[in-house]
Amino acid sequence: MICHDANNLNVACLRVRSAKQLFQLLNDRLKRLLGYTYTTIFLPGTNKTTLYNYFSDLQHHPFARSAAATTSSINPYLLHPADSKKWKPLQLDLLNGEKFIGRWILLYGAQETVSETCLESLPGFAELIAATLTNSIDYEEMLDREKENDIIQSLNIDFATIRQKQDLLKVIHFKLKNLFDFSDQFVAVINDDKLTLSSFLQDTQSWADEHPKYKQSVAAKYPLNDGVFNKVILSKDPQVFDLRQQHARGNMPEYFQILYDSGVRMVFMVGLHVRDRMIGLWCICQVDGQHMSSGQLQLIRKISVQLSIAVENIKANEAIAAKEEEGRLLLRMSDDIANIHDLIKRYKQQLEEKKIYLEEEIGTTHNYAEIIGNGPEMQKVFRLVSKVAGTDSTVLILGETGTGKELIARAIHNNSSRKERIMVKVNCATLPVHLVESELFGHERGSFTGAIERRIGKFELANHGTLFLDEIGELPPELQVKLLRALQEKEIERIGGKTTIKVDVRIIAATNRDIEKEVAEGRFRNDLYYRLNIFPICLPPLRSRTEDIPVLAAHFMQRFSKKLGKQINKISHSKLQELLQYSWPGNIRELEHLVERSILLTTGDTITDIPLPSPRQQNVSQPAQVYFSLKTIDENEREHILNTLIYCKGKITGEGGAAQRLGVPNSTLSSKMKRLGIRKEHFK
């Protein structure tokens with residue numbers, strides 16, 4: 001009977017996808033089969049010292065919510081010691097291989113007799129439940145990740161519009177408080193002395209606001225090396241502090257003592273970082289003393305990235321307000337009102353543009369990994385970087401797609417005298433032709449349709465810093481002229497502007513094209529090429545540095561294993577040999593994506609399958625290196641007319657003119673030039 005029902009149970013287990021379905025299975029089929037009265041499953045907590053009740057329905061059985069993970073006794077699972085006289089408990093550890101994943105508890109009435117057949121079948125049922133539980137947890141984690149992505153996307157939109165502290169408090173209160181079930185939270189920022197921390201944002205409904213020392217603690221400065229903040233500084237992951245343990249040990253920091261006196265029992269802290277610079281921390285408090293799951297802790301870390309940008313934007317907004325107030329005072333004291341007002345307005349505009357640049361990068365962390373390369377090819381690159389980084393010379397980085405050109409550009413910037421300033425990136429391949437000039441040089445209000453306000457360009461935004469021009473080979477010919485002028489004269493002019501603006505910008509350019517061939521075929525100006533090619537750095541493709549493949553693969557394996565919560569630490573020898581023999585048309589980026597996919601597909605601790613493209617797919621996808629940029633009909637027509645005008649040396653009408661070459665009347669060509677915004681300075 002048990003064998004027959006076990007087969008049916010095995011089929012039912014395949015359909016289980018959630019804790020609720022598993023609970024129904026245990027209370028329906030298994031309860032009839034094994035004859036127990038109550039059952040539950042306990043899972044390990046994030047701190048590995050306690051177990052928590054996996055099932056949410058606690059109304060109909062006498063189990064506690066949590067217990068010590070190391071105990072082998074049943075009693076700690078019961079709400080009242082008296083209950084031990086009523087029940088006959090059985091417990092079985094649930095294992096996935098040798099890994100402990102939970103504990104299954106069954107309660108029989110004290111007077112009931114458990115048959116030998118039942119006892120013999122329990123290990124088999126435990127093994128079946130362990131497999132079902134693993135699948136259920138994996139499925140719920142997948143749903144949690146999808147929910148997590150939705151939350152992050154929603155918060156991106158909310159945080160991008162925040163300018164005031166009260167706006168940030170509203171988002172935290174309405175979107176995060178229920179999500180993490182916290183009683184209190186606060187944000188602290190590092191002071192200008194870099195040695196202390198002060199409160200920046202407090203919960204208006206704080207449990208501690210009635211404490212006699214609360215106001216004093218909010219106004220105080222706390223040292224960063226107090227033993228608590230050190231842990232937060234040294235880790236990118238949230239740090240967990242159990243105030244009950246802190247209190248038992250004694251010598252608790254004052255801010256923890258105030259929280260403990262106010263009923264708080266658990267504190268979670270995570271650092272706030274902007275461009276790899278720590279600016280403060282976010283603290284979440286709970287009164288019920290429950291540990292968060294690893295998924296919740298990872299979500300806190302992801303949200304902290306967006307929160308960091310929001311805090312930086314608020315600080316920038318406060319700086320603007322302070323400058324405006326300073327300007328109003330100066331206006332009352334100075335006769336030169338117009339000049340001072342213009343100064344404040346310009347400062348405000350620059351701060352706003354820097355804020356916009358940060359907002360455009362919300363959701364993207366600047367966790368630039370250390371550049372990996374031990375072979376002679378990369379050592380040569382490192383030597384070139386070290387030689388040029390300390391200068392202001394223009395650098396041209398050459399290399400195939402996915403070889404790490406942006407990482408090299410950032411390494412040069414971070415080791416230069418301009419490292420305290422911003423590095424602004426412009427991808428010339430992704431900008432529409434009609435917006436490239438405005439993006440680089442800015443525009444005045446009313447200079448063209450849609451220009452409702454003045455906007456500074458990337459050159460001004462990068463003033464005293466570095467401008468990284470990625471995919472420079474995609475820059476349209478008419479913009480190449482203006483870029484050349486900006487590089488030669490070190491000054492720019494906004495679209496619609498009447499004055500030139502001096503700029504101090506260090507240029508780093510990059511391309512995956514054969515730039516010398518582009519020059520030879522007339523698609524790239526030779527004078528601009530000579531201006532950019534002052535210090536070229538050529539990055540080797542991955543197929544030329546196979547000695548770095550094992551190190552790179554291990555680096556990506558470690559990163560994605562941690563990110564995906566897996567314990568994968570090896571790549572099989574045969575698969576490593578396949579990586580070494582593969583041609584890597586997508587270079588390091590392709591290796592990174594393949595390792596991530598392999599981590600997702602691997603169930604053990606060793607990668608035994610890497611889905612490399614077949615040789616046929618490689619041949620089909622890469623018969624030759626082809627560069628293709630999708631353009632509109634107007635963009636193609638504009639480029640064709642410009643190339644013809646340049647070929648005709650600017651002659652539009654008459655014998656040998658562009659109109660004759662194009663086979664259109666002079667008036668038609670003139671109207672097309674006007675419609676497409678082609679002016680004489682573009683081709684002369």
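Things to note:
- Boolean, Leu467 is touching a strand residue (DSSP E or B) at 6+ places or on another chain (Cβ under 6 Å) and outside any loop (DSSP other than H, G, I, E, B): yes
- Qualifying residues in region 663-681 (those that are in contact with a Lys or Arg (Cβ under 9 Å, 6 or more places away or on another chain) and part of a helix (DSSP H, G or I)) - the one surrounded by the fewest Cβ atoms within 10 Å (Cβ to Cβ): Glu681
- Exactly one residue out of Leu580, Leu600, Leu576, Leu552 is assigned to a helix (DSSP H, G or I) and crowded, with 18+ Cβ neighbours inside 10 Å, and it is Leu552.
- Unique match (being more than 29 Å from Trp584 (Cα to Cα), touching an Asp or Glu at 6+ places or on another chain (Cβ under 9 Å), surrounded by fewer than 19 Cβ atoms within 10 Å (Cβ to Cβ) and of a type in the set (S, T, N, Q)) among Ser393, Ser417: Ser417
- Total residues in region 420-435 satisfying the condition of being in a strand (DSSP E or B) and either crowded, with 21+ Cβ neighbours inside 10 Å or among the polar types (S, T, N, Q) (or both): the figure is 4.
- Each residue in region 5-40 was checked for being touching a strand residue (DSSP E or B) at 6+ places or on another chain (Cβ under 6 Å), buried (at least 16 other Cβ atoms within 10 Å of the Cβ) and modelled with pLDDT of 75 or more, and 4 of them qualify.
- The set of residues in region 203-220 that are surrounded by 14 or more Cβ atoms within 10 Å (Cβ to Cβ) and acidic (Asp, Glu) comprises Asp203, Asp209.
- Conditions (1) assigned to a helix (DSSP H, G or I); (2) at pLDDT 90 or above; (3) crowded, with 17+ Cβ neighbours inside 10 Å: number failed by Pro585: (1)
- Scanning region 134-152 for residues that are free of Cβ contacts under 8 Å to residues at least 12 places away in the same chain and over 30 Å from Lys99 (Cα atoms) yields one hit, Asp150.
- Residue satisfying all of: in region 81-105; part of a strand (DSSP E or B) and of a type in the set (A, V, I, L, M); nearest to Asp138 (Cα to Cα) among these: Ile101
- Residues satisfying the stated conditions in region 647-662, i.e. buried (at least 17 other Cβ atoms within 10 Å of the Cβ) and either in contact with a Lys or Arg (Cβ under 8 Å, 6 or more places away or on another chain) or modelled with pLDDT under 85 (or both): Cys648, Gly657, Ala658
- The residue that is farthest from the chain's Cα centre (by Cα), counting only those in region 486-519 that are assigned to a helix (DSSP H, G or I) and acidic (Asp, Glu), is Glu489.
- Filter result (part of a helix (DSSP H, G or I) and surrounded by fewer than 18 Cβ atoms within 10 Å (Cβ to Cβ)) within region 520-546: Ala520, Asn526, Asp527, Tyr530, Arg531, Arg543, Ser544, Thr546
- Condition met for Gly457 (exposed (fewer than 15 other Cβ atoms within 10 Å of the Cβ), touching a Gly at 6+ places or on another chain (Cβ under 8 Å) and free of Cβ contacts under 8 Å to residues at least 60 places away in the same chain): no
- Yes/no for Tyr108 being of a type in the set (Phe, Trp, Tyr) and either assigned by TED's automatic domain parsing to the domain that holds Val305 or in a helix (DSSP H, G or I) (or both): no
- Asp504 being within 26 Å of Arg418 (Cβ to Cβ) and of a type in the set (Asp, Glu): yes
- Conditions (1) touching a residue at least 12 places away in the same chain (Cβ under 8 Å); (2) in contact with a strand residue (DSSP E or B) (Cβ under 8 Å, 6 or more places away or on another chain): number failed by Thr500: (1)
- Pair list, Cβ < 8 Å and 6+ apart or interchain, from region 529-549 residues that are more than 17 Å from Glu518 (Cα to Cα) and not assigned by TED's automatic domain parsing to the domain that holds Gln480 to residues that are aliphatic (A, V, I, L, M) and in a loop (DSSP other than H, G, I, E, B): Asp548/Ile372
- Condition check for Ile472: free of Cβ contacts under 8 Å to residues at least 24 places away in the same chain and of a type outside the set (Gly, Ala, Ser): no
- If you go through region 555-568 and keep only what is in a helix (DSSP H, G or I) and of a type in the set (Lys, Arg), you end up with Arg559, Lys562, Lys563.
- Just one of the listed residues (Leu475, Leu528, Leu483) is within 30 Å of the chain's Cα centre (by Cα) and among the hydrophobic types (A, V, I, L, M, F, W, C), and it is Leu475.
- Condition check for Tyr357: more than 18 Å from the chain's Cα centre (by Cα), modelled with pLDDT under 70 and among the hydroxyl-bearing types (Ser, Thr, Tyr): no
- In summary, Met292 fulfils each of the numbered conditions (1) crowded, with 20+ Cβ neighbours inside 10 Å; (2) outside any loop (DSSP other than H, G, I, E, B) with the single exception of condition (2).
- All of Ser386, Ser438, Ser447 fail the test of being modelled with pLDDT under 90 and not in a loop (DSSP other than H, G, I, E, B), apart from Ser438.
The values are calculated or read from the model by the stated rules, or taken from the named source; none is laboratory data. What you see is a predicted model, and the numbers here were worked out from it, not measured in a lab. Note that we place each Cβ from the backbone using ideal geometry, even for glycine, and neighbour counts take in every protein chain shown.
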